[in-house]
Amino acid sequence: MSRAFNFCAGPATLPESVLKQARDEMLDWRGTGMSVMEMSHRGDAFVEIAETAEQDLRDLAGVSDDYAVLFMQGGASSQFATIPLNLLGDKASADYVNTGIWSKKAIAEARRYGGVNVVASSEDNGFTTIPDQSAWSTSADAAYLHYTPNETIGGLEYDFVPDSGGVPLVADMSSTMLSRPVDVSKFGLIYAGAQKNIGPSGLVVVIIRKDLLGKARKETPTMMNYQVMAENGSMYNTPSTYSWYLAGLVFKWLKEQGGVTAMGEINARKASKLYDFIDTNEFYANPINPRFRSWMNVPFTLADDALNGAFLKGADARGLLNLQGHRSVGGMRASIYNAMPEAGVDALIQYMTEFVKEQG
Ligand SMILES: *Cc1c(COP(=O)(O)O)cnc(C)c1O
């Protein structure tokens, strides 16, 4: 059996060695006679798996004891509600930056629970750039400042961490988590749906500064209460055990690769190769301000949209899968997360080169 290069935006490709290890451990995890899927989440074996995964994530991302690490459920989208329910407290509103479709979803959901000030937006220019921070109308009285470091659909990524001026900074890192070094101490809360850079979908990792726990509104569902989750080691109910285990295998793999510093170098190289090719070839285009092009999601268009079908068909035939762009943007999108080997980017560039030649 041969593995394709899967450029899906999410659920995304996982490291092959991780899948093989999961396969080898499927029926009998280390002599326990059970699959991880069949274990009690309160038993010694799973508690070891869970604690090891948390520690490895702390090591990789540089998370201090001032933060709780939670393994929650419902994906990143459930956090769009969980965050305001927990963090608005007695404040009237929170600040949000609007840089694309994921920002907009977070904003729409937060509006159900309190006031939202959109402090900056790049919607007028089609979400092709990050608004200059000097022009953001942030409020010192906001409950928090929320932003989306990498807009997965548009392929737009911040190259800086915003200065939130003492207000807790909240980041949806779903598609950029662990792809490059980040100073966690600048954040109040980081969350990431797992299916881009961490593991299977459904799981969502939350890193929250401990002083932000305990502020949830009283009507907050128990399962969405960060303090309850922290006090119960993310096991108030049965957690998503198998996803947590797989995330742990991915964290080990990342450590073997040299951690986020090494990943950042590889990811920068992969992305710049692809953007350089797109920029030097008249047949392809990417609309994003070069300074803010995503390292993880590379949208591109062909000179003639009528060729999209032929491009995708040829790509499929070569085992270059899921290159179709998001329905709201069109064109193509290559998602090149941590687990996409550089050889996959090389194969894509080679195919793109040959496709242009075929068109004459
Ligand atoms: C994928 C994604 C989401 C949604 O994740 P779900 O787990 O499907 O809810 C939210 N934000 C960003 C930035 C994403 O890339």
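The values are calculated or read from the model by the stated rules, or taken from the named source; none is laboratory data. What you see is a predicted model; the values in this text were computed from it and never measured. Backbone-built Cβ (ideal geometry, glycine too); neighbour counts: all protein chains shown. Side chains are part of the model used for accessible areas, which takes the heavy atoms of the whole protein and leaves out ligands, DNA and RNA. Shrake-Rupley method; radii C 1.70, N 1.55, O 1.52, S 1.80 Å.
Pairs are defined by a Cβ separation below 7 Å, a sequence spacing of at least 6 or placement on different chains, a first member in the range 306-334 that is farther than 22 Å from Trp295 by Cα and assigned by TED's automatic domain parsing to the domain that holds Glu151, and a second member that is modelled with pLDDT of 95 or more and in a strand (DSSP E or B); no pair meets this definition. The residue that is nearest to the ligand (Cβ to nearest atom), counting only those in the range 185-196 that are out of contact with any Ser or Thr (no Cβ under 6 Å at 6 or more places or on another chain) and open to solvent by 10 Å² or more (accessible area, probe 1.4 Å), is Lys186.
Can you name every residue in the range 319-360 that is aromatic (Phe, Trp, Tyr) and closer than 20 Å to Ala303 by Cα? Of everything in the range 319-360, those that are aromatic (Phe, Trp, Tyr) and closer than 20 Å to Ala303 by Cα turn out to be Tyr351, Phe355.
Residue by residue through the range 288-332, note down the ones that are crowded, with 16+ Cβ neighbours inside 10 Å and of a type in the set (Lys, Arg). Within the range 288-332, Arg293 is the sole residue that qualifies.
Residues in the range 149-176 that are more than 11 Å from the ligand (Cβ to nearest atom) and β-branched (Val, Ile, Thr) were compared, and the one that is nearest to Ala334 (Cα to Cα) is Val161.
The condition of being open to solvent by 30 Å² or more (accessible area, probe 1.4 Å) and outside the structural domain of Ala334 (by TED's automatic domain parsing) holds for only one of Ser164, Ser201, that being Ser201. The residue pairs whose first member lies in the range 69-83 and is under 16 Å from Asn237 (Cα atoms) and among the hydrophobic types (A, V, I, L, M, F, W, C), whose second member is within 7 Å of the ligand (Cβ to nearest atom) and at pLDDT 95 or above, and whose beta carbons are closer than 6 Å, counting only pairs six or more residues apart or on different chains, are Met72/Val204. Being more than 16 Å from the ligand (Cβ to nearest atom), over 18 Å from the mean Cα position of the chain (by Cα) and either surrounded by fewer than 18 Cβ atoms within 10 Å (Cβ to Cβ) or part of a helix (DSSP H, G or I) (or both) is the requirement here; does Phe277 meet it? Yes: the conditions hold for Phe277.
State yes or no: is Thr241 of a type in the set (Ser, Thr, Tyr), within 20 Å of Tyr144 (Cβ to Cβ) and not assigned by TED's automatic domain parsing to the domain that holds Ala339? For Thr241, the condition - of a type in the set (Ser, Thr, Tyr), within 20 Å of Tyr144 (Cβ to Cβ) and not assigned by TED's automatic domain parsing to the domain that holds Ala339 - is not met. Inside the range 55-79, residues that are under 14 Å from Ala194 (Cα atoms) and away from the ligand (no atom under 16 Å from the Cβ) make up a count of 2.
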